Amino acid sequence: MQQEKIPTIFIVGAGLGGLSLYHALIKNKDKKEFNVKIFERESSPTDRWQGYHIGLTNYGTQSLLNCIPSSIASNLPKAMPSPIPGVETHGINITDQVGNVLLAPPIKPYKDVYELAKISRGLSTIVTYRDRLRDVLLEGVPVQWNKKCVKYVETQEGVWVSFEDGSQEFCNILVGADGINSPIRKQKLPELQIFNYGITHVCADISVPKHLINKINKINGNILACKTLGTKGDSSFMISRFIPIEQEQNDKKDEPHYRVTLVYSYPSELNNVDVESDKVKVDDNDPASVIEHVKRLIRTLRPDCELTDLLLELWDLAPKTIPNGPIKFPFKTYNPVQRRMMQDIDPMSIKSWTSSRVVLLGDAAHAMSPVLGLGANNAIQDADKLSQALLKYTDNNISFIKEYEKEMLKRTSADVLKSRTVTFKSSTPIGPFGVFIRDSILKVMNVMINFYNFADSLIFKN
């Protein structure tokens, strides 16, 4: 009897979603064996900045633990340390422009990522170092670096994949996990369009001394994420862990320092404010000019108050130069501070998907606004769902891909549109009456959410 040939799966993209899928397929090889290869366009693991703080939800962590083996799971505390009781609360506050709390959703406590993953009701989050999580997921994975997929040719038996270096390889299933600008998506679904918000955001990871952390805590309490709403369409977001970071040996610090992610968002039309003056030039290749641009906007758009002063102090800590060579920052990597356009992939730009041996995952399929922090969670859930669907693979039947895409599209399209709605609502300039209405609505929502959570906890004690 002829032995069944082991099917080959190509994963293009070694981000959180692609790596989670790789681990899940290897983990499940006793149920279904695949020859799995993973390719990445970057030249090395440290070729490009790998992200800021992110929030992984109970649903995201459930899927992550489903995907990875115990050997990888044992290293998760490197990327997502357990909450420190009494020191930090893994939740979010929304405040007005002077720091008054408008919305503070209740947080269900948990002791570690395993307990978080068991929470089945509501939404809980653990603040995670995205770059470190990627490092953990890379452990033991034979990524083929510097391999950018440029096109593919699908046949009845499988897919021929062409890379930028001129090489070609054959697989039975091709998974595009290669981000919002995915060449695979552009070929598979050229009508699926990128949606531009008309909103600019600037992000930075900074090293913050203890005395400024104390100022943050004075305004936000020990909540790790805080979003402040301006009145001119601008908003500020900061997210941190209250865990001291290791300093470089040549840094003589007289107090502990902490890693904080800063984000400032504003209508893109304000990008033109500074260029009217010959004395002011904003150059995205010059981080110092971008940081000064952000500080000018904060001074112009925000009222004089303690929160505004704090934001200016924090942005002044952002790295203002691009290093000439490799250098170790407290976060092991460096991302030049630049202006970036907020975008998503519009699920309404296409009527239907045609299922084939080419399948999409993560941002390649459903990039979304970062406002609700759902992007990474959905990518990992995609990996979990797709790995389970692939267990049904046979040479002559790929209907499982249609089943995966149906679930994925239902789940992620709702999150894309929800994230877009919230982004626009928080980015619309408003006058004094609008501020009153906005603040009143959020305060009422806060009361209702907390009441519902109290009632829910009485009914479902778990």
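Segment 324-442 gives an Rg/Rh value of 1.12, both radii derived from C-alpha positions and Rh following Kirkwood.
Separation of segment 42-81 from segment 409-429 is 25 Å, based on Cα centroids. Considering all C-alpha pairs of segment 117-214, those separated by over 18 Å amount to 71%.
Seen against the Cα atoms of the chain and their longest principal axis, helix 58-67 is set at about 30 degrees. Cross-link partners of K31 among lysines, defined as those whose alpha carbon lies under 20 angstrom from its own and excluding same-chain residues fewer than eight positions apart: K5, K385, K392. With the simple spin-label model, which puts each label point 7 Å out from Cα in the Cβ direction, the S162 to I441 separation comes to 5.0 nm.
Across all directions, the average projected area of the convex hull around the alpha carbons of segment 55-175 is 12.0 nm². Each of M348, M341 was scored by other Cβ atoms within 10 Å of its Cβ. Arranged with the fewest first, they read M348, M341. Subtracting the Cα-Cα distance of N181 and D309 from their residue separation scaled by 0.36 nm leaves 42.3 nm. Note on segment 346-462: dipole from Cβ charges, positive end direction compared against V416, Y393, V444; the farthest Cα belongs to V444. Distance between the 7 Å Cα→Cβ label points at T300 and E115: 4.8 nm. FRET efficiency for the I243 to S289 pair, using the beta carbon distance and R₀ = 30 Å, is estimated at 0.40. Cβ-Cβ distance of S355 and V422, R₀ of 30 Å, FRET efficiency by 1/(1 + (r/R0)^6): the value works out to about 0.45. The fraction of Cα-Cα pairs per 20 angstrom bin, counted from 0 for the chain, comes to 23, 56, 21, 1, 0 percent, rounded to whole percents.
Rounded to the nearest 20 debye, the dipole size of the chain about its Cα centre is 920 debye, using +1 on the Cβ of Lys and Arg and -1 on the Cβ of Asp and Glu.
The distance linking segment 351-399 with segment 152-177 is 18 Å (Cα centroid to Cα centroid, whole angstrom). Karplus-derived 3J(HN,Hα) values for segment 409-418, using 6.51 cos²θ - 1.76 cosθ + 1.60 with θ = phi - 60°, are 5, 5, 5, 7, 4, 4, 6, 4, 6, 5 Hz; glycine and proline are entered as x.
Ranked by how many other Cβ atoms sit within 10 Å of their own Cβ, fewest first, the residues C226, C67 fall in the order C226, C67. With 23 Å as the limit on Cα-Cα distance, the pairs of K32/K186; K147/K351; K186/K410; K351/K425; K227/K425; K118/K443 that go past it are K32/K186; K147/K351; K351/K425; K118/K443. With just the Cα atoms defining each centre, how far is segment 82-113 from segment 307-321? Give it in Å. Result: 22 Å between the Cα centres. Charged neighbours of F163, selected by a Cβ distance under 15 Å, balance to -1 (K, R count +1; D, E count -1).
Compared with the alpha-carbon gap, the fully stretched path from E139 to E33 is longer by 36.1 nm at 0.36 nm per residue. Counting every C-alpha pair in segment 143-264, the share spaced more than 22 angstrom apart comes to 61%. Working from label points 7 Å from Cα in the Cα-to-Cβ sense, the N272 to N146 distance is 4.3 nm.
Values in this text are rule-based calculations from the coordinates and carry no lab data. Please read these numbers as outputs of a predicted model, since none were measured by experiment. For neighbour counting, all protein chains shown are included, and Cβ atoms are generated from backbone atoms with ideal geometry for every residue, glycine included.
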